[in-house]
Amino acid sequence: MANCYIVGSEKTGEGIVIDPGAESQRILKKIEELGLKIGAIIATHAHPDHVSAVGKVKAATGAEFLIHEDDAQGLEQGGYISSLLGMSFPKSPAPDRLLKDGDTIQVGELQLRVLHTPGHTPGGMCLLGEGIVFTGDTLFSQGIGRCDFPGGDYQALMEAIRSRLMSLPDDTAVYPGHGPETTIGYERDCNPFLKEGLT
Ligand SMILES: [Zn+2]
Ligand SMILES: [Zn+2]
């Protein structure tokens, strides 16, 4: 149901997996096809549909699992969130490293910077690379993350989107946690939640 991203360097053969939420076999097959050595598994937030394949991908790759410090507790509430989503998910392992705003994740020549964007969850974050941003469930094409799960905060989410994401250049490619890719410029113009006067 969620998008999993595999970011790799053709030069060094190293990679990062973002939001392995399910279908670990398919993810691992793709990693093998690409010939990547995975150096980090990052979850944009703790929801089960983004972390449920972390255990298997971590076991197979030996990579560290990273999540924002404010969502570490949320990982333990996975069972409750699963029941809200009406599905059952495998539990995620404990994180190896906790992230905070401004942290950099470096794997070979790949570099992603943490933008803390709370609102969908307290420790929700976006991952900024060169001309690209992975937005998790903070920003979607023509949508935003829902705020009715535990720890959700609509005002915080809108503030984070406006200050942290809408400050990026228009041509920044956006890879969201659900749905198709988009750009910052397109969302600035067309996202109904970002229209003037809407709070
Ligand atoms: Zn979510
Ligand atoms: Zn999601």
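Give me the pairs: first residue in segment 80-96 and within 16 Å of residue 41 (Cα to Cα), second residue at pLDDT below 80, beta-carbon distance under 9 Å, and six or more apart or on different chains, which are they?
As it stands, the answer is 91/78; 91/79; 92/78, since those pairs meet every condition given.
Pull up segment 175-185, narrow it to residues that are more than 16 Å from ligand 1 (Cβ to nearest atom) and either within 11 Å of residue 142 (Cα to Cα) or among the β-branched types (Val, Ile, Thr) (or both), then point me to the one that is surrounded by the fewest Cβ atoms within 10 Å (Cβ to Cβ).
180
Could you list all residues from segment 103-122 that are in contact with a Lys or Arg (Cβ under 9 Å, 6 or more places away or on another chain), under 28 Å from residue 85 (Cα atoms) and either more than 13 Å from ligand 2 (Cβ to nearest atom) or not in a loop (DSSP other than H, G, I, E, B) (or both)?
114, 115, 116, 117
Scanning for something open to solvent by 10 Å² or more (accessible area, probe 1.4 Å), within 14 Å of residue 127 (Cα to Cα) and not in a strand (DSSP E or B), does segment 146-158 turn up at least one residue?
no
Out of 148, 153, 189, which single residue is within 30 Å of residue 79 (Cβ to Cβ) and free of Cβ contacts under 8 Å to residues at least 12 places away in the same chain?
Of the residues listed, the single one that is within 30 Å of residue 79 (Cβ to Cβ) and free of Cβ contacts under 8 Å to residues at least 12 places away in the same chain is 148.
In segment 79-93, which residue that is under 18 Å from residue 24 (Cβ atoms) and not hydroxyl-bearing (Ser, Thr, Tyr) is most open to solvent (accessible area, probe 1.4 Å)?
Residue satisfying both the conditions and the ranking: 91.
Here is a yes/no grid of residues against (1) assigned to a loop (DSSP other than H, G, I, E, B); (2) within 16 Å of ligand 2 (Cβ to nearest atom); (3) within 12 Å of the chain's Cα centre (by Cα):
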site	(1), (2), (3)
2	yes, yes, yes
7	no, no, no
11	yes, no, no
20	yes, yes, yes
25	no, no, no
30	no, no, no
39	no, no, no
45	yes, yes, yes
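Identify all residues within segment 50-78 that are without any contact (Cβ under 8 Å) to a residue 60 or more places away in the chain, part of a helix (DSSP H, G or I) and within 16 Å of ligand 2 (Cβ to nearest atom); write none if there are none.
Correct list: 51, 54, 71, 75, 78.
Name the pairs: first residue in segment 1-29 and without any contact (Cβ under 8 Å) to a residue 24 or more places away in the chain and within 19 Å of residue 106 (Cβ to Cβ), second residue away from ligand 2 (no atom under 12 Å from the Cβ) and open to solvent by less than 30 Å² (accessible area, probe 1.4 Å), Cβ to Cβ under 8 Å, at least 6 apart or on different chains?
From residues that are without any contact (Cβ under 8 Å) to a residue 24 or more places away in the chain and within 19 Å of residue 106 (Cβ to Cβ), there are no pairs.
Which of the residues belonging to segment 123-142 are part of a strand (DSSP E or B), open to solvent by 10 Å² or more (accessible area, probe 1.4 Å) and not aromatic (Phe, Trp, Tyr)?
Hits for segment 123-142 are 128, 132.
The values are calculated or read from the model by the stated rules, or taken from the named source; none is laboratory data. Predicted model, so just to flag it, every value in this text is computed and none were measured. Note that each Cβ is placed from the backbone with ideal geometry, even for glycine, and that neighbours are counted across all protein chains shown. Ligands, DNA and RNA are stripped out before the accessible areas are found, and what is left, the full protein with its side chains, is counted by its heavy atoms. Shrake-Rupley method; radii C 1.70, N 1.55, O 1.52, S 1.80 Å.
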